[in-house]
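Trainee: Have a look at the structure that comes next, please.
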Amino acid sequence: MAGNWKMYKTAAETTRFLEQFRPLVENSRHCEIVICPPFPNLPAAVAAAQGTRIAIGAQNLFWAKEGAFTGEVSAPMIRAAGCSHTIVGHSERRQYFGETNETVSKKTIAALDAGLTPIVCVGETLEHRESGRTEAVLLDHCQGGAASLTAHQFSSTILAYEPARAIGTGKTATPEIAADAHRIIRDFARRVHGPQAAENLRILYGGSVKPDNIKSLMAQPEIDGALVGGSSLDATSLAWIVNF
Ligand code: 13P
């Protein structure tokens, strides 16, 4: 269960959130919990999550280890800050910041090389869905982000299916639509990396996940977890989702 905070919260708000959230998930041993705050708040989040099962992740990274890349942050830096995960290729980055399959692939490999678990996002837009291209887009994103990985790298990678039309709109994909997309992604994994890799692959659903729809989404055997945006900003809501 992962929370993507996007561009919300200061460092002080991050600490306050974790102080409130920690006791609410103290006994939650059934899943991994990852929170992804903005870069400047990673140290505050790591400090506040110390000694708990809550892992901290970044929302993006650059593929070079270091260099003259003004404004960028590398995987080793994120790792050194105490993070264990990073989101890669979120649809907002594809939409607003020119992220492509090629950059997603480079960032995924950089994250793995630094010992971070990448959460690689794939998903169609409304336009893609309405023109019947959902499967082609999903396969294209999977191909771009995960086909070049070795079996070992793939086994350390989490995929997240996020249909862009469901993000921040309150319009979650129906659990059945989400499960169909997850099946397409798992079939891809089976073809490229074999049945065991497909079986072990964790695929998260993201897009308007809320306390009141988590149960029906997670009732789909194909859905292994959630990547939660808006509802992850409130400690009680995220704890409810974790403990559904
Ligand atoms: P919302 O949960 O706000 O729709 O955002 C989903 C998302 O983009 C998570 O990465």
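Trainee: Mind listing which GluC sites (Glu not before Pro) in region 20-113 are in a DSSP loop and have 14 or fewer other Cβ atoms within 10 Å?
Mentor: The qualifying sites are GLU26, GLU66, GLU72.
Trainee: Please say if region 35-78 is rounded, prolate or oblate, where rounded means a/c under 1.5 for a ≥ b ≥ c the square roots of the C-alpha gyration tensor eigenvalues, and otherwise the choice is prolate for a/b larger than b/c and oblate otherwise?
Mentor: In terms of gyration-tensor shape, prolate.
Trainee: Determine the per residue accessible area of the chain with all protein chains present and a 1.4 angstrom probe, expressed in square angstrom.
Mentor: Here the per-residue accessible area is 46 Å².
Trainee: Which one of ASN60, ASN27, ASN213 has the biggest mean-square fluctuation once the chain is modelled by GNM with Cα springs under 10 Å?
Mentor: Maximum among the listed residues: ASN27.
Trainee: Continuing with this model, one more query. Using alpha-carbon positions, what is the distance between the centroids of region 89-126 and region 27-44, in Å?
Mentor: 19 Å
Trainee: Just to be sure I understand: with springs between alpha-carbon atoms less than 10 Å apart, which residue in LEU227, LEU159, LEU126 has the highest mean-square fluctuation in the Gaussian network model of the chain?
Mentor: LEU126
Trainee: Set Lys and Arg Cβ to +1 and Asp and Glu Cβ to -1, take the dipole of the chain about its Cα centre, and tell me which of SER237, GLN50, GLY89 lies farthest positive.
Mentor: GLN50
Trainee: Picking from PHE97, PHE154, PHE17, which is most flexible by a Gaussian network model of the chain using Cα springs under 10 Å?
Mentor: Comparing PHE97, PHE154, PHE17 in the GNM, the peak value goes to PHE97.
Trainee: I would also like to ask the following. For a test of the definition: using alpha carbon positions, the gyration tensor, and the 1.5 limit on a/c, classify region 182-244 as rounded, prolate or oblate.
Mentor: prolate
Trainee: While we're here: Rg and Dmax of region 2-242, Cα atoms, in Å?
Mentor: So, for region 2-242, Rg and Dmax equal 16.8, 48 Å respectively.
Trainee: To one decimal place, what orientation-averaged projected area in nm² is obtained for the convex hull of the Cα set of region 68-192?
Mentor: Reported value for the Cα convex hull: 8.5 nm².
Trainee: Roll a 1.4 angstrom probe over the protein heavy atoms and tell me the percent of accessible area of region 2-242 that is carbon or sulfur.
Mentor: Accessible surface attributable to carbon and sulfur in region 2-242 totals 53 percent.
Trainee: So, one more: Quick check: pseudo-label points 7 Å beyond the Cα along Cα→Cβ at GLU72 and GLU13, how many nm apart are they?
Mentor: 2.9 nm
Trainee: DSSP H helices in the chain with Cα extent of 15 Å or more along the helix axis and mean Kyte-Doolittle hydropathy at least -0.5?
Mentor: Helices passing the filter in the chain: 11-24, 101-113, 134-146, 175-193.
The values are calculated or read from the model by the stated rules, or taken from the named source; none is laboratory data. What you see is a predicted model, and the numbers here were worked out from it, not measured in a lab. All Cβ positions, even for glycine, are placed from backbone atoms using ideal geometry, and neighbour counts span all protein chains on display. Only protein heavy atoms, including side chains, enter the accessible area calculation; ligands, DNA and RNA are left aside. Shrake-Rupley method; radii C 1.70, N 1.55, O 1.52, S 1.80 Å.
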